[in-house]
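Here the structure is laid out as structure tokens; the discussion comes afterwards.
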Amino acid sequence: MNRHGTWRPILLAAAALAGMFIGPPRAAAGAPPPPDDQWPRFRGHDGTGVSRAETVPVQWTEADYNWKVELAGTGHASPVVWGNRVFVASGLKDSAKRIVQCLKTEDGSTLWQREFESKPCAQHNLNSYATPTPAVDAERVYLCWAVPQQYAVVALDHDGKDVWRRDLGPFASQHGHGASPMVFGDTVVLANDQNGESFLVALDAATGRTRWQTRRRSGKAAYSTPGVYRPDGEPPQLIFTSTAGGITSVDPGTGKVNWELDDVFPERVVSSPVVAAGLILGTCGTGSAGKHVVAVSPPKGPGGKPEVAYRVTRSAPYVPTPVAWADLVFLWGDTGTVTCIRAATGAEVWRERLGTHFFGSPVCVGGRLYAISTEGKVVVLAAAETYELPAENRLGEGSHATPAVAGGRMYLRTLSHLVSIGGKR
């Protein structure tokens, strides 16, 4: 379900200056600097949730919007951006029809819209028919959704024309579907962790043909989107998290499992993996709250084995994915508690309660954390060792989505609208 979380602290009026900007974040170790005009998947490049943008304001009103448009349906999917186009998925509650729109980043006008028939199915009352975030590359946009009868993956070109479509088979989950695709190289990668037959799969981005498929243990359906781990001096690895599989590293070219620690998550996995200080972090939970944050140290050298570096069990996130910045990790809890920990040790630096719920995940932009609450309030915190809350900005409608940042602008998705803010106007 790929979402966010946390609540309310005391406003620091001295920091609540409209248009306040901070310097850009540093790129993750081992990763090339991402292009500024792209946000190609859930939580951006490599799933880090980090942007170098310097022109996203801290505080604003509706008068500061570049534009606000009503979408063709509702949903929780986050927007993705490539160049001058933003893509967003929606659904219709009555028919389960899936809709994807392509808008101009400049003014929000619709370039094209495609609709896909589907069938209503049982799902969690907090889920939607447009929960997975699309993925996009230089040539195509990729969408997926699942009902009990089929797991559909669709590729369209940037003009909305059909390229290919795949059916990955039935999908079994009492809560519905929610995991998002990602593009790695010339493949589209998906995690199909369900109650039925589970597997990881890489599809050829141009044709939709299967490049590789790796079988998985099945258990509780998981909703994690894959991450990327780039160890210094070594090839990159794809990282997957699920209750049954734990934390798994896979060779992106072959689908071969590099290593796996399969007994680290006692509850359901919804959030996505995060890489920080050479460790890989994942979370699990149940009901309405997280239970565990687990940090795993990948194998060191030939014959090495992965090991649990530390666990955090206090105020852990369940749905929201954490975000790493410098040597810190920010755990943004569903019920409104944000905890700052040392990435290397898990030691708590500070912990504050915000006073509202979150399903969307935080992103880090210019040294600030942005997350949208379920009631549609964009909470802005300093990504620092000292707790600061410089602003809260209301969108006027609830949201379960994660912000996207590209071209110096931030795109904020509510249940039924898309907002553009920031950049050079």
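So how do V419, V269 line up by other beta-carbon neighbours within 10 Å, fewest first? Please report the intermediate quantities before stating the final value.
Details: V419 25, V269 30.
Lowest to highest Cβ neighbour count: V419, V269.
Which order do peptides 394-404, 148-158 fall in by mean Cβ count within 10 Å, highest first? Mind showing how you got there, number by number?
Working: 394-404: 22.7, 148-158: 18.4.
Peptide ranking by packing, descending: 394-404, 148-158.
Take the Cβ-Cβ distance between D262 and A63 as r, set R0 to 45 Å, and report the resulting FRET efficiency rounded to the nearest 0.05.
Working: r = 52 Å, r/R0 = 1.16.
It comes to 0.30.
When a/c is below 1.5 the answer is rounded, else prolate if a/b is larger than b/c, else oblate, so apply that to the stretch 13-422 with a ≥ b ≥ c taken from the square roots of the Cα gyration tensor eigenvalues. Mind dumping the intermediate values first?
Details: a/c = 1.39, a/b = 1.03, b/c = 1.35.
The shape class here is rounded.
Expected output is a single nm value to one decimal: the length gained when fully extending between R230 and L126, i.e. 0.36 nm times separation in residues minus the C-alpha distance. What is it? If you can, show how the numbers build up before the last one.
Numbers: separation 104, 0.36 × 104 = 37.44 nm, distance 3.40 nm.
Difference between extended and current length: 34.0 nm.
Sketch the reach of a paramagnetic label on N195 as a point 7 Å from Cα along Cα-to-Cβ, and name the residues of the stretch 132-152 whose backbone nitrogen lies under 14 Å away.
147-149
Report the Cα centroid-to-centroid distance between the stretch 210-268 and the stretch 340-377 in angstrom, as an integer.
Value for the Cα centre distance between the two parts: 25 Å.
Quick one: order C121, C102, C284 by neighbouring beta-carbon count within 10 Å, fewest to most.
Details: C121 15, C102 20, C284 27.
By the 10 Å Cβ count, ascending, the order reads C121, C102, C284.
Roughly how many nanometres apart are two label points built 7 Å out from the Cα toward the Cβ at F116 and K161?
For the pair F116/K161, the computed spacing is 1.9 nm.
State the number of lysine pairs found in the chain whose Cα atoms come within less than 20 Å, restricting to pairs 8 or more positions apart or on distinct chains.
Within the chain, the lysine pair count is 11.
With a 10 Å Cβ neighbour count serving as the proxy for reagent exposure, in which order, fewest first, do R85, R165, R41 appear? Walk me through the intermediate numbers first.
Working: R85 19, R165 13, R41 26.
Ascending number of Cβ neighbours within 10 Å: R165, R85, R41.
Can you work out ³J(HN,Hα) from phi for every residue in the stretch 163-171, in order, using Karplus 6.51 cos²θ - 1.76 cosθ + 1.60 and θ = phi - 60°, giving whole Hz and x for Gly and Pro?
Values, residue by residue: 10, 7, 8, 10, 10, 8, x, x, 9 Hz.
Every number in this text was worked out from the coordinates using simple rules, so none of it is lab data. Predicted model only: the values in this text are computed from it and were never measured. In this analysis, Cβ positions are derived from the backbone assuming ideal geometry, glycine residues included, and neighbour counts consider all displayed protein chains.
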